[in-house]
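The values are calculated or read from the model by the stated rules, or taken from the named source; none is laboratory data. What you see is a predicted model, and the numbers here were worked out from it, not measured in a lab. Every residue, glycine as well, gets a Cβ built from its backbone with ideal geometry; the counts of neighbours run over all protein chains shown.
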Amino acid sequence: MATAKRDIDPVEAKKQILDYCRRKGALAAGVADLAAIERIAPPGHRPTDIMPRVKSVIALGVGGQTQGAWTVPAKAMAYFGSTETRAYKIAYGLSFFIEGKYGIRSIYCPPDMDPDAGPRVPLQSLKLHAELAGIGARSLAGDILLHPDYGYMYFASVFTELELEPDKPLERNPCPAPSCVNMYRSIGRTPCMKFCPVQCLDGEIDEDGNQKVMRYDMAACAEMSQQYETVPSAIANAIAAETTQDREDALFDPDNKMLWYKMSVGSGGLLAQCFECMRACPIATKAPLADPILRYEAARKKAG
Amino acid sequence: MARGLTRQQIGVTEAMIQAFGETIFNLSHNHQIRTGDPIRKLQFDAIEAQRADAGLTDAQIAERIGLTRNQVLYIRTVLERRRFRTGHYVRLLELGGGKRFRAERYVPHLDHFKYSEQALALRAAMSYAPERARLYVERGWWRDDTLSKWLERHATATPDAPAIRHGDTVISYGELKRKVGNLAGALAALGVAKGEVVSIQLPNVPEFLIAYLAIASLGAVMSTIHMPYRAAEIETLLAHAKSRAVICLSAAKDYPAAEVMLALKSKLPLLDHVIALGAPVEGTLSLGELIAHDREPEEIAEPPVASDPFLLLFTSGTTSAPKAVPLSYHNMLSNARLGAPEHRVTAADRILSAAPFSHLYGLYSFHVAMAVGAETLVLPVFTPPDLAQTIERGRPTALWTAPAHVAACLGTGLFDRHDLSSLKLAIVSGSACPPELARGFAAKAKNCAVTQLWGMTETQGALYTRPGDPLEVSATSAGRPSPGTEVRVADLDDRPLAAGVEGELQVRGCLLFPGYLDNPAANAASFTADGWFRSGDLAVQDEAGNVRITGRIKDVINRGGVKYNPLDVELLLDKHPKVAQAAIVPIPDSVLGEKACAFVVPKPGAAPTLRELCDYLSEHAIAKIKLPERLEIIAEMPMTPTRKIIKGRLKPSSA
């Protein structure tokens with residue numbers, strides 16, 4: 001395979017790549033500054049750790065939820081998380097698109113955990129890529145990225161040996177929204193902090209209405225959302241049970257039976273996150289282009 | 001094991017986990033703090049400065065505290081496992097769809113309501129055969145009825161409708177709900193929880209019913225103590241019921257009830273509260289104040305459901321081996337709901353019970369009233385004049401009464417002097433009703449359907465005649481089974497007998513209690529192998545299905561191998577001009593095994609002799625073998641609160 005084509009116009013290539021992303025359903029896409037990522041990411045989690053000749057990191061985001069999704073019961077909404085696979089599909093396609101069109105190596109950045117570091121440590125930070133690519137900024141809700149127009153998105157990344165001009169991070173962080181600042185001034189908490197079911201969010205807002213400190217108890221968040229930890233706990237409890245009744249309860253109570261169900265059918269539902277912070281977030285739910293219904297209205301108007 | 005290596009290979013000990021675990025956990029990504037917005041702003045110095053706050057990798061932690069990377073990885077994952085609290089997912093189940101998490105309202109899983117040991121023991125007694133339970137549910141007999149739901153329904157639909165009337169005081173359903181809510185809140189604040197027992201020793205006053213509904217609304221269980229009971233009996237009942245609180249009068253005539261209860265409190269570790277109605281008594285809470293003190297309605301953690309036990313009543317054994325009858329809403333309220341139309345009781349009715357609410361028969365009148373939203377007229381304590389006056393002044397449309405009540409009023413001419421015209425229904429129950437008594441009553445209450453009912457604490461209303469039945473049916477029988485109830489007359493081997501043959505009355509159905517609490521011997525003796533309850537009553541069923549109660553098995557006298565039921569002899573003796581009341585019991589005999597002894601309360605100034613009585617009986621064609629062979633003259637017959645003779649207490653003076 002050719003490693004480079006001298007006649008590639010990087011500006012045109014970037015345009016075609018970002019167009020591809022949007023055509024395939026991404027709301028936003030951008031190119032992150034590789035040097036910055038390499039400097040910020042810890043050793044072992046830098047793009048060059050999995051693709052030594054990488055020149056560019058392309059980040060893309062797809063829409064998080066429909067407006068209807070925000071209204072459903074939490075237990076139903078927990079199944080809506082597979083939206084991220086849409087982002088992965090686009091990234092996967094994009095890596096083929098780059099290799100096929102420009103003859104330059106590309107990879108779909110594995111979005112999952114680093115098997116060398118246990119299940120809570122990702123191979124790469126998609127969040128860092130997206131933030132540096134200018135398609136999201138860290139929020140008070142546990143650093144979940146938010147976009148002023150697209151709200152809350154799922155991200156995917158593509159690494160390529162094609163050199164592209166990097167974008168800049170967002171000029172302005174949409175978090176906290178003015179209404180959240182008002183609430184914070186009133187009760188010392190923002191909606192995401194107040195309504196987190198495990199109270200894992202905390203933080204401060206400065207006098208100018210900007211984030212001052214973000215505190216995130218990821219361990220507490222994981223107790224809600226990382227249910228894989230419950231699996232060995234249930235088995236350990238069953239082994240330690242002193243009575244048959246306790247053993248049966250440890251293995252077969254309704255919550256644990258849901259785990260066995262999820263494992264047996266490979267369902268991703270009820271894993272990863274609970275969405276309650278985002279349900280309470282005005283940016284996630286009300287950003288102008290985060291709302292598919294608003295997008296529909298805008299398109300209708302544009303069409304006359 | 002980490003990365004395929006054992007603890008020994010990694011060089012980790014429990015001491016290391018203890019020493020470095022917390023530090024590693026906190027330096028890792030498990031706790032993250034970000035100051036400012038340094039990544040978006042590309043402030044590399046700030047990023048570096050707060051790396052440890054943002055969370056370090058295992059390698060970075062290892063370097064920082066002087067462990068190997070594998071040691072850090074191992075210790076971190078061990079800590080993540082050990083600290084992980086399961087069960088948080090349930091927090092989500094109530095959220096969304098407009099509801100958000102509120103930390104101040106959330107009750108952590110481990111702090112969730114927990115049944116007390118005594119509550120669980122009571123629930124364990126609610127054991128029904130699966131095929132019976134399925135049948136009762138499928139037929140719609142067992143539904144989701146609870147007293148709270150019924151009260152809520154009436155308080156919402158007809159808040160101004162009268163619920164309880166006492167003299168000129170009327171409590172509407174709306175007002176009743178408020179009072180019940182006040183007392184329920186107070187009881188909850190005192191620590192009374194679902195499944196726990198609160199005992200009541202009160203006359204038929206409105207506060208009894210308010211307390212009953214309040215206890216029920218908490219999902220707690222009411223246990224009644226009959227008014228005549230005193231310390232020795234009460235202690236046994238409170239101990240067996242494991243009561244958390246007792247509600248009583250401050251004092252009754254010659255009986256310092258509250259002081260008695262306070263003294264028992266020191267003996268009964270589970271009894272925490274004495275709540276008294278009447279004058280203040282130190283050490284007790286005032287029932288009146290608890291009812292009157294308005295409070296915000298409290299959310300009940302575990303509201304009652306129909307399968308819950310809600311009544312614990314005692315049938316006998318007040319000094320030893322009590323027979324405690326746990327009853328569920330399924331049992332009692334299905335029987336009341338299905339019974340109301342059979343009795344032709346509607347929301348327009350005003351029901352008066354001459355029987356005490358401490359007895360299930362009295363409560364049955366209230367259950368029926370609550371089933372339809374009728375009014376309950378209370379008569380605190382039965383006396384013949386009070387009953388007659390209450391009927392005249394309170395104008396009830398339905399009367400729950402016992403043969404002894406009727407006999408007393410008829411005998412004293414009270415029913416001649418008072419207006420009974422409001423009565424459309426009079427249910428007579430509690431003991432066998434002599435036919436002439438029913439006829440006599442019907443003659444006085446001209447527009448009233450006089451019906452008979454047979455039931456027990458274990459069943460509530462199992463048999464009754466219906467208002468449309470001919471008087472002779474109601475005068476001579478206890479009628480037919482209530483809806484959802486089966487009865488049979490069986491021999492000593494539990495084989496069903498043909499119509500017209502006397503045997504033991506056995507009962508099965510949705511109304512039947514599940515078994516006595518903590519009394520396996522009584523349970524073994526009381527149920528047949530196929531789940532029929534042995535009532536202990538003798539009965540004959542006619543071809544039309546009407547059942548005539550003919551006596552008690554225990555009362556049968558076995559005279560030299562010849563067994564006979566003395567009921568007909570007793571009924572004849574009751575009519576003797578010198579006899580006010582009579583009862584015949586067996587006494588031991590060295591030759592015959594048993595022979596009959598007549599206990600007689602003479603009419604004032606009379607002194608009947610055994611000879612006189614035997615001659616009289618012989619004149620009325622009583623067989624010689626059934627003639628009493630001994631006579632005991634007594635001043636007063638021992639009676640139950642529902643005016644049944646307690647034959648067990650009739651002991652010959654020299655026996």
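For this structure, a couple of remarks:
- In a residue-by-residue description of segment B:346-359, the property of being more than 16 Å from B:S422 (Cα to Cα) and either assigned to a helix (DSSP H, G or I) or not assigned by TED's automatic domain parsing to the domain that holds B:Q460 (or both) applies to no position.
- Against the test of being touching a Gly at 6+ places or on another chain (Cβ under 6 Å) and either part of a strand (DSSP E or B) or acidic (D, E) (or both), the options B:E296, B:E302, B:E342 yield a single qualifying residue, B:E302.
- Restricted to segment A:102-220, the set of helices (runs of 4 or more DSSP H) holding at least 2 residues that are within 13 Å of chain B (Cβ to nearest Cβ) and touching a residue at least 12 places away in the same chain (Cβ under 8 Å) comprises A:126-132, A:191-195.
- Count - residues of segment B:336-376 that are of a type in the set (D, E, K, R) and touching a helix residue (DSSP H, G or I) at 6+ places or on another chain (Cβ under 6 Å): 1
- Screening A:F97 with (1) over 15 Å from A:F155 (Cα atoms); (2) buried (at least 16 other Cβ atoms within 10 Å of the Cβ); (3) within 11 Å of chain B (Cβ to nearest Cβ) gives one miss only, at (3).
- Scanning segment B:273-299 for residues that are surrounded by fewer than 15 Cβ atoms within 10 Å (Cβ to Cβ) and within 16 Å of B:E235 (Cβ to Cβ) yields no hits at all.
- Among the residues making up segment B:476-497, those that are on the phi > 0 side of the Ramachandran plot and either of a type outside the set (D, E, K, R) or outside any loop (DSSP other than H, G, I, E, B) (or both) are B:G479, B:G484.
- Qualifying residue in segment B:87-95 (condition: away from chain A (no Cβ under 14 Å) and under 25 Å from A:C196 (Cα atoms)): no
- Each residue in segment B:498-513 was checked for being touching a residue at least 40 places away in the same chain (Cβ under 8 Å) and either in a loop (DSSP other than H, G, I, E, B) or on the phi > 0 side of the Ramachandran plot (or both), and 8 pass.
- Pairing residues of segment B:27-53 that are facing another protein chain (nearest Cβ under 7 Å) with residues that are of a type outside the set (D, E) and part of a strand (DSSP E or B), at Cβ distances under 6 Å and at least 6 apart in sequence or on separate chains, gives B:Q32/A:Y216; B:I33/A:R215; B:R34/A:M214; B:T35/A:V213; B:D37/A:Q211; B:R40/A:A137.
- Yes/no for B:R100 being within 14 Å of another protein chain (Cβ to nearest Cβ), among the charged types (D, E, K, R) and in contact (Cβ under 8 Å) with a residue 24 or more places away in the chain: no
- When segment A:58-82 is filtered for residues that are within 17 Å of A:G136 (Cα to Cα) and either away from chain B (no Cβ under 14 Å) or part of a helix (DSSP H, G or I) (or both), the ones remaining, listed by number, are A:I58, A:L60, A:G61, A:V62, A:G63, A:G64.
- The lone exception for B:D144 - which of (1) in contact with a strand residue (DSSP E or B) (Cβ under 9 Å, 6 or more places away or on another chain); (2) not in a helix (DSSP H, G or I) it fails: (1)
- The selection criterion, being in contact with an Asp or Glu (Cβ under 6 Å, 6 or more places away or on another chain) and either over 19 Å from A:T71 (Cβ atoms) or at pLDDT below 85 (or both), holds for A:L289.
- Residue selected from segment B:281-328 under the condition at pLDDT below 95 and acidic (D, E), by the criterion nearest to B:T457 (Cα to Cα): B:E302
- Selection within segment B:209-259 - part of a helix (DSSP H, G or I) and within 25 Å of B:K149 (Cα to Cα): B:L209, B:I210, B:A211, B:Y212, B:L213, B:A214, B:I215, B:A216, B:S217
- Segment B:454-475: number of residues that are of a type in the set (D, E) and either within 24 Å of B:L512 (Cα to Cα) or in a helix (DSSP H, G or I) (or both): 2
- Only one entry in B:L147, B:L183, B:L110 is within 14 Å of chain A (Cβ to nearest Cβ) and either without any contact (Cβ under 8 Å) to a residue 60 or more places away in the chain or closer than 27 Å to B:H240 by Cα (or both), namely B:L110.
- Residues that are among the charged types (D, E, K, R) and in contact with a strand residue (DSSP E or B) (Cβ under 8 Å, 6 or more places away or on another chain) within segment A:105-148 comprise A:R105, A:D112, A:D114, A:R120, A:K127, A:E131, A:R138, A:D143, listed in sequence order.
- Scanning segment B:2-20 for residues being touching a residue at least 60 places away in the same chain (Cβ under 8 Å) and either surrounded by 17 or more Cβ atoms within 10 Å (Cβ to Cβ) or within 12 Å of chain A (Cβ to nearest Cβ) (or both) gives a total of 5.
- When B:V562 is tested against the conditions (1) closer than 23 Å to B:A404 by Cβ; (2) surrounded by fewer than 21 Cβ atoms within 10 Å (Cβ to Cβ); (3) more than 34 Å from the chain's Cα centre (by Cα), the lone failure is (1).
- Across segment A:138-170, the number of residues qualifying as among the small types (G, A, S) and closer than 21 Å to A:R105 by Cα comes to 2.
- Criterion violated by A:G30 - all others in (1) touching an Asp or Glu at 6+ places or on another chain (Cβ under 7 Å); (2) assigned to a helix (DSSP H, G or I); (3) of a type outside the set (D, E, K, R); (4) within 14 Å of another protein chain (Cβ to nearest Cβ) satisfied: (2)
- Residues in segment B:590-622 that are crowded, with 16+ Cβ neighbours inside 10 Å and touching a residue at least 40 places away in the same chain (Cβ under 8 Å): 6 in all.
- Scope segment A:114-136; condition of a type in the set (D, E, K, R) and more than 22 Å from A:K55 (Cβ to Cβ); matching residues: A:D114, A:D116, A:R120
Residue-wise test of (1) over 26 Å from the mean Cα position of the chain (by Cα); (2) assigned to a loop (DSSP other than H, G, I, E, B); (3) modelled with pLDDT under 90.
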| residue | (1), (2), (3) |
| --- | --- |
| B:G515 | no, yes, no |
| B:A525 | no, no, no |
| B:D530 | no, yes, no |
| B:G536 | no, no, no |
| B:V540 | yes, no, no |
| B:A544 | yes, yes, no |
| B:I549 | no, no, no |
| B:N558 | yes, no, yes |
| B:E570 | yes, no, no |
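- Tally, over segment B:217-228, of residues that are surrounded by fewer than 24 Cβ atoms within 10 Å (Cβ to Cβ) and in contact with a strand residue (DSSP E or B) (Cβ under 7 Å, 6 or more places away or on another chain): 1
- Matching entry among B:G362, B:G413, B:G373 (being over 30 Å from B:L249 (Cα atoms) and either within 19 Å of the chain's Cα centre (by Cα) or in the same structural domain as B:H166 (by TED's automatic domain parsing) (or both)): B:G413
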